[in-house]
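Trainee: Below is a structure I'd like to ask you about.
Just so it is clear, none of the values below were taken in a lab; they were calculated from the coordinates. Not measured: the values here are computed from a predicted model. Note that each Cβ is placed from the backbone with ideal geometry, even for glycine, and that neighbours are counted across all protein chains shown.
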Amino acid sequence: MTRTALLISGGGSNMVALARDMTGDHPARPALVLSNVPQAGGLLKASALRIPTAVVDHRDYADRAGFEAALQAELEAARIEFVCLAGFMRILTPAFTDQWRGRMLNIHPSLLPKYKGLHTHARAIEAGDTEHGASVHAVTSELDGGPVLGQARITIRPDDTPQTLAARLLPLEHRLYPAVLRQILAGDGTRIEIDARD
Ligand code: GRF
């Protein structure tokens, strides 16, 4: 079983979707939920699922190198072999991402390569786009820049707001991320496409 860490900063709904999928014949198990935010709602959800949790609060560290060394120490203590970033809202430096190259995924709420970074729903609406989505990608040293392994796609309706778009996209993220994780751990890099356009 591949011992997998799920890194969160918030509600952790993608973490829950991944953890719930990691049973039975799944090649991985959730071995640690790690948050940089002590109050992250996902920590309670992880405990309810009986997954060990840890907090590395970035505010306790003078610089990114110290923060990332502490993250790495937690991952090593839990003998982690694979990492899923699931709503983890800290930028990771190349020193950290290089250590996990080929063993770390992220989910980003846009149709990458569009809208790297923050406020993706608002930016898609402001641009007048007719569709939007989420991407799961391999993590490299470039922010939101690694190879895309799967995407879910929805229509942007005329009356959409960032909030309605996010709400319609999230359930698709919960389908996409577990599907990509399963496939990658099976050694299959074929891109997954979920088309939920109107
Ligand atoms: C998701 O939209 C994810 O794509 C983004 O942050 C959100 C996290 O939601 N990066 P949750 O914490 O998984 O509920």
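Trainee: Show the residue pairs meeting these rules: Cβ distance below 6 Å; 6+ apart or different chains; first residue within region 111-123 and more than 12 Å from Ala166 (Cα to Cα); second residue of a type in the set (Val, Ile, Thr).
Mentor: Within 6 Å, the pairs are Leu112/Val148.
Trainee: Within region 148-198, restricting attention to residues that are among the aliphatic types (A, V, I, L, M) and assigned to a strand (DSSP E or B), which residue is farthest from the chain's Cα centre (by Cα)?
Mentor: If we filter region 148-198 for residues that are among the aliphatic types (A, V, I, L, M), which is where we start, we get 148-149, 152, 154, 156, 165-167, 169-170, 172, 176, 179-181, 184-186, 192, 194, 196.
Retained after the next criterion (residues that are assigned to a strand (DSSP E or B)): 148-149, 152, 154, 192, 194.
Numbers: Val148: 13, Leu149: 13, Ala152: 14, Ile154: 19, Ile192: 16, Ile194: 17 Å.
Out of the qualifying residues, it is Ile154.
Trainee: Only one of (1) in a loop (DSSP other than H, G, I, E, B); (2) surrounded by fewer than 18 Cβ atoms within 10 Å (Cβ to Cβ) fails for Leu92. Which number is that?
Mentor: So Leu92 meets the others, but not (2).
Trainee: Okay, next question. For region 23-76, which residues satisfy the criterion of being touching a residue at least 24 places away in the same chain (Cβ under 8 Å), outside any helix (DSSP H, G or I) and of a type in the set (S, T, N, Q)?
Mentor: Quick first cut of region 23-76, residues touching a residue at least 24 places away in the same chain (Cβ under 8 Å) only: 26-37, 40-43, 45-46, 49, 51-52, 54, 58, 64-65, 67-68, 71-72, 74-75.
Now drop any that are not outside any helix (DSSP H, G or I), which leaves 26-37, 40, 49, 51-52, 54.
Once the filter is applied, which keeps residues that are touching a residue at least 24 places away in the same chain (Cβ under 8 Å), outside any helix (DSSP H, G or I) and of a type in the set (S, T, N, Q), region 23-76 yields Ser35, Asn36.
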